[in-house]
Structure formats: structure tokens, C-alpha cells
Amino acid sequence: MTRNVKISLAALGAFALIVAALLFATRPDAPETGAAAGTPDSLVTADAARLNDAPNASATLVEFADFQCPACGQVQPIMDQLVAQYGDRVQFVFRNFPLPMHQNAEAAALAGEAARAQGAFHPMYERLFQTQRDWSESPDAATVFRGYAQDLGLDLNAYDAAIADPATAAKIQADKDAGTAAGVEGTPTIFVNGEKVQLRSVQDITDALDAAVNR
């Protein structure tokens, strides 16, 4: 990785990871440390949401996250920076892991999946995380999310149908089941080529990615 890339990541991640570290230390949604891993095939499915299109990538990063998790919200801009920096060398995959303590996490996951069905997962993913504070305690988050779908130019009839379709909730449950089987206990949890990354700093992620793409 070039010096400019490292500086860019450091500038972007310094504040975010300090905040995330505090969250990891104090919240029950912090991932436990350990050597748990999942096989790449079990972590990445054909219908998993992706942050980029890199079918020939030599490495795959999978993030299990909860849209209402504050630490996940802090990591989101770092993920976007990593996508830009690693390009087609790394496939970035997002899987849902809404936690029961977050009242609107499931509805947010449904919104993300409904947008994914229209090829608009990434813009919805960004909107949900960037406005997290606006809807986290909302008594009607589903209406807020439908407004985001409208803002993004989605077909609202198709969006509503996807929200109501039991297959969408089943997809989210399948993500959760895959995470649980891989040892995910909190969010965010990140795997690179099936190996869990112990998150202490941005460099933990970049070191794992560099090792994977250089093998």
C-alpha cells in the first residue's frame, strides 16, 4: 500500500476508530475476541449484498453489521475508503446482523435488502448509516426508510413489495444464521478470506487485506 493511501486511511479512520474502540469497550454489541473463522463459501452467497463489483478479486472482505450499531456507523466511511483504494482486488460483502437490542435494526435491514433488489444497495447503505442518529429512536422508522427509497429514485411499489415479502426477512435471517455459525457475536465483525479480523485499528483491516491480495 502506498504512503498516500496509508495517510488517507489514517486521516479518515483516526477519529472513527477511537470512537469505535470506546464503543467496543462499553457496549454489549462489541464483538468478542477469538480465533473463530468461517469458510469463504459459507460467508459469501450469490445473493449477499456487495459494496463493489469485483468478481475476479483475489480477496474477499465480509462485514457482518447492524445499521443501528454506532460502531458500524463509524466504520462505514472507512469501508467506502477501502473499496476505493483496493478497487477490483478485493470483493467487499455486507451481511446483515441486526441485534435485538436495537429497535429499528431489523427495519433498516429490510430497507437495505429492498434497495438491493433494485440494484441500489450501496446508496441505501450509505444513507442508513449517515442518518443513523435521525432514525435510531424513531417510532416509525419504516416510513423514514421509505422516504429514503423515494429520494433514491426507487420504484416504491417494488420497494413496498420487497419489504412485505417474507423472502426478504428470510434473507436477513440467513445472514444472521451464517454469522452465528461463523462465531459472530456482535457488530461490526469482519472476515478476510474467511478469517476473523481482530479490530483494534484501521491497520488491522489493511494488514489483513494486504496479506490476502499479496498471497
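The values are calculated or read from the model by the stated rules, or taken from the named source; none is laboratory data. No experiment lies behind these values; they were computed from the predicted model shown. No Cβ is skipped: glycine too gets one built from the backbone with ideal geometry, and neighbour counts run over all protein chains shown. Only protein heavy atoms, including side chains, enter the accessible area calculation; ligands, DNA and RNA are left aside. Shrake-Rupley method; radii C 1.70, N 1.55, O 1.52, S 1.80 Å.
Just a few scattered comments:
- P(r) weight above 14 Å for the range 56-124, C-alpha pairs, percent: 63 percent
- Accessible area per residue for the range 95-159 is 46 Å², calculated with a 1.4 Å probe on protein heavy atoms, without ligands, DNA or RNA.
- Taking the range 73-201 and dividing mean pair separation by its residue count, relative contact order in percent (alpha carbons under 8 Å, at least six apart): 27 percent
- Computed magnitude of the charge dipole of the range 83-158 (debye, nearest 20; Cβ of K, R +1, Cβ of D, E -1): 220 debye
- Protection proxy ranking for 201-209, 111-119, using the average of other Cβ atoms within 10 Å per residue and placing the highest first: 111-119, 201-209.
- Potential lengthening between residue 215 and residue 133 on full extension [0.36 nm per residue; Cα-Cα distance subtracted]: 25.5 nm
- Evaluated with a Cβ-only charge set (Lys, Arg +1; Asp, Glu -1), the range 50-103 carries a dipole of roughly 80 debye about its Cα centre, given to the nearest 20.
- Highest mean first, the peptides 185-195, 141-151, 62-72 sorted by other C-beta atoms within 10 Å per residue fall in the order 62-72, 185-195, 141-151.
- If R0 is taken as 25 Å, the Cβ-Cβ distance between residue 103 and residue 151 corresponds to a FRET efficiency of 0.65.
- Alpha-carbon gyration tensor eigenvalues x 5, square-rooted, for the range 96-215, Å: 28, 16, 15
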